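Heads up: the structure comes next, in structure tokens.
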Ligand code: SF4
Ligand code: SF4
């Protein structure tokens, strides 16, 4: 069966913050939850940045459960920001970019970036000696 992994911001309305919602998700829906950031205060609205993974049906069931609890779900859209003007065209990032978003032009010997091919794997962030890439978290 297909597996699914999603990064989401969960906004818990007042009154649900004290409920064991993440516990229920893990126990009843058989999903894995990796909490990446949390801003939870009892008696107030709360926010969690989470990665939820599991079988597709389990993740879909978990989403329905959250919506039933009036939890607002916002998918995270990761993109890579590239400071292209500082690039020295060393090619280190292109050698790790398996989807072909970063390619060295054989004629000009310059780096070409095609954001539409980027899968936000983050490998270029570590590869660039000048640290010209950074991750941008957007929310849908
Ligand atoms: S994040 Fe991954 S896919 Fe996107 S440009 Fe960097 S190495 Fe290529
Ligand atoms: S690793 Fe950095 S400096 Fe080298 S080509 Fe890629 S973006 Fe440019």
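The values are calculated or read from the model by the stated rules, or taken from the named source; none is laboratory data. Not measured: the values here are computed from a predicted model. Cβ placement follows ideal geometry from the backbone for every residue including glycine, while neighbour counts extend to all protein chains displayed.
Brief remarks on what is shown
- Residue among 88, 77 that is surrounded by fewer than 16 Cβ atoms within 10 Å (Cβ to Cβ) and in a strand (DSSP E or B): 77
- Qualifying residues in segment 71-87 (those that are within 12 Å of ligand 2 (Cβ to nearest atom) and in contact with a strand residue (DSSP E or B) (Cβ under 9 Å, 6 or more places away or on another chain)) - the one farthest from residue 49 (Cα to Cα): 87
- Screening 22, 16 for residues that are closer than 23 Å to residue 137 by Cα and not in a strand (DSSP E or B) leaves exactly one candidate, 22.
- Residues of segment 112-140 that turn out to be at pLDDT 95 or above and in contact with a helix residue (DSSP H, G or I) (Cβ under 8 Å, 6 or more places away or on another chain), as a count: 5
- The set of residues in segment 102-122 being under 27 Å from residue 49 (Cα atoms) and near ligand 1 (Cβ under 9 Å from one of its atoms) consists of 115, 117, 118, 119, 120, 121, 122.
- Flag if residue 124 is surrounded by 15 or more Cβ atoms within 10 Å (Cβ to Cβ), in a helix (DSSP H, G or I) and within 16 Å of ligand 2 (Cβ to nearest atom): yes
- Residues (free of Cβ contacts under 8 Å to residues at least 24 places away in the same chain and farther than 12 Å from residue 61 by Cα) located in segment 20-38: 20, 23, 27, 32, 33, 34, 35, 37, 38
- Of the criteria (1) outside the structural domain of residue 14 (by TED's automatic domain parsing); (2) in a helix (DSSP H, G or I), which one residue 129 fails: (2)
- Top-ranked residue of segment 57-77 - restricted to ones that are free of Cβ contacts under 8 Å to residues at least 60 places away in the same chain and under 17 Å from the mean Cα position of the chain (by Cα), ranked as farthest from residue 4 (Cα to Cα): 63
- Inclusion of residue 98 among residues that are within 16 Å of ligand 1 (Cβ to nearest atom) and surrounded by 17 or more Cβ atoms within 10 Å (Cβ to Cβ) is not warranted.
- Matching residues in segment 91-121 - criterion: being in contact (Cβ under 8 Å) with a residue 24 or more places away in the chain, within 10 Å of ligand 2 (Cβ to nearest atom) and in a loop (DSSP other than H, G, I, E, B): 92, 93, 95, 96, 97
- Any hit, segment 70-89, residues being under 17 Å from residue 23 (Cα atoms) and out of contact with any helix residue (DSSP H, G or I) (no Cβ under 8 Å at 6 or more places or on another chain): yes
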